[in-house]
Structure formats: structure tokens, C-alpha cells
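Chemist: One structure coming up, written as C-alpha cells, with questions to follow.
The values are calculated or read from the model by the stated rules, or taken from the named source; none is laboratory data. All figures in this text were calculated on a predicted structure; none of them were measured in a lab. Counting neighbours? That spans all protein chains shown, and the Cβs are built from the backbone with ideal geometry, glycine included. Accessible surface is based on the protein model in full, side chains and every heavy atom, while ligands, DNA and RNA are left aside. Shrake-Rupley method; radii C 1.70, N 1.55, O 1.52, S 1.80 Å.
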Amino acid sequence: MANALLRSLQALESSSGPTARWTVPLNDGNHVIEFEHGTATGRRFVKIDDEILVNRDWMFRLVGDELFTFNGTKFVIRVDPIPGFKYSYTLWVNGKNYKNFIQSQLKNLKSWVTKIEEDEYRIVLDKQTQIVWVNGVEVDVENEFMDGGAEMLFSVSELSAVIRSCSSDKKEIGIDYILYIDDIEIKDENISLFNEI
């Protein structure tokens, strides 16, 4: 009897979809975190992209932190009670709340998305470390200095690519980074604050 009740509660909870969802821009690309919280069973389920990281079927504590790591990044999902037998869900990334982490990433990362033939490529530059990733894989870069800036040379799908850095002449922007693949300028991808559900 108790097992049947538990199974029916779990089926009801799992059919409703994720309780909270966040899109997190990391150096290797954007990752979607989905969190399911069973308010009757205490079930906790965390999935990043298609990888299941946490799957707890029965917990007596309905509130508290869920800690996990993904690609060297530490995450905490905080479950707090709010009036009316409801819960709030807050994501923390490397010790920063979601909003502050996104704002930090906006300052530190520059990203571009382009399509070459039938394949899509996401190029990310970490402005602090000067590391470049192509589709989540760190690539070797050759640095060259030039009048008024510098160039980072690498390849994307066997095509020559270069990220040129130069002063934007605007204090709030600082250094501007422009990507060229096969001498064609690629427009940058705007990372924005993604809403939680």
C-alpha cells in the first residue's frame, strides 16, 4: 500500500516537468540546468543539458541546499520555504547568486556563433585569461601584436580565424574584440540574463 502511494506521488510529480530552469553561460558554452522538486516526496532531480547529476527519490527534508559540480563549476540550488506551502529556488554558481554570476560572465566572456556549411560553431573568448574555446574545446592560439592592438590566430573547421583586440575609445567598454573567420567579420552573441521559471 505504501509503495503504491509513493509510486503514484512520484508519477504525479514527474509528469509536471521541471520546477526551475536556468541557462548558465560557462566558458564551454551555454548549459541548461533543470531542477525538479517533489513537494510531497521530497524528490530532487538535477539535469544539465541531457546529463543527470542528481536523482534522489525520497527525502524527509523538503528544504535545504542541493550541491553538485559540473565541468569544474560548483553549483548550489537553494530550496527555501515561502508562505502557502510553496518554495523558492535560487541558483548559486561558484559562490555567486545567479544574477551576479551572469553579470560577471558578461564582463569576462565574449562569444560568437557562426555556421560553416551545415555545422554550427560557438567561439568563446575569456577576456581575462585570453583562452579561446570552439564548441567547448580549448584551442591553441598564436598571439601576434600589431599597431593599436593584438591578434589571436587559430582555426575553425580548417578555416583561418582571428580575434582582433583594440581599444574601443569608450571607457565603459574598454578593449573591443572582433572575430574574423576567413576574413569575414562574425557578429558577437549577446549573453543576456535568462529568466528562471
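Chemist: May I ask you to rank Val32, Val76 by accessible area, largest first, using a 1.4 Å probe over the protein chains only?
Modeler: Val32, Val76
Chemist: Under a point spin-label approximation (7 Å from Cα along Cα-to-Cβ), what is the Glu51-Ile116 distance to one decimal in nm?
Modeler: So the two model labels end up 2.5 nm from each other.
Chemist: Then there is this: What distance in nm lies between label points placed 7 Å from Cα along the C-beta direction at Thr23 and Ser88?
Modeler: The two pseudo-label positions are separated by 2.4 nm.
Chemist: Extending each Cα 7 Å along its Cβ direction at Asp176 and Asn108, get the distance between those two points in nm, one decimal.
Modeler: 2.5 nm
Chemist: Which value, in Å² rounded to 10, gives the accessible area of Lys96 with a 1.4 Å probe and all protein chains present?
Modeler: Roughly 80 Å² of Lys96 is accessible to a 1.4 Å probe.
Chemist: For Val93, what charge total do you get from the other residues with a beta carbon under 11 Å from its beta carbon, if Lys and Arg give +1 and Asp and Glu give -1?
Modeler: Combined, the nearby Lys, Arg, Asp and Glu give +3.
Chemist: Counting only protein heavy atoms and using a 1.4 Å probe, what share of the accessible area of region 74-197 belongs to carbon plus sulfur, as a whole percent?
Modeler: Solvent-exposed carbon and sulfur of region 74-197 make up 47 percent of the total.
Chemist: Just to verify a number: what accessible area does Leu53 come out at with the full protein assembly present, 1.4 Å probe, Å² rounded to tens?
Modeler: Rounded to the nearest 10, the figure is 60 Å².
Chemist: Related question: Going by accessible area, probe 1.4 Å, with all protein chains left in place, what is the ranking of Lys170, Lys127, largest first?
Modeler: Lys170, Lys127
Chemist: Do any chymotrypsin sites (Phe, Trp or Tyr not before Pro) in region 40-91 lie in a DSSP loop with no more than 12 other beta carbon atoms within 10 Å, and if so, which?
Modeler: Trp58, Phe60, Phe85
Chemist: In Å³ and rounded to a whole number, note down the convex hull volume per residue for the Cα atoms of region 34-132.
Modeler: 138 Å³
Chemist: Give me the Å³ per residue figure for the convex hull around the C-alpha atoms of region 94-169.
Modeler: Here the figure is 125 Å³ per residue.
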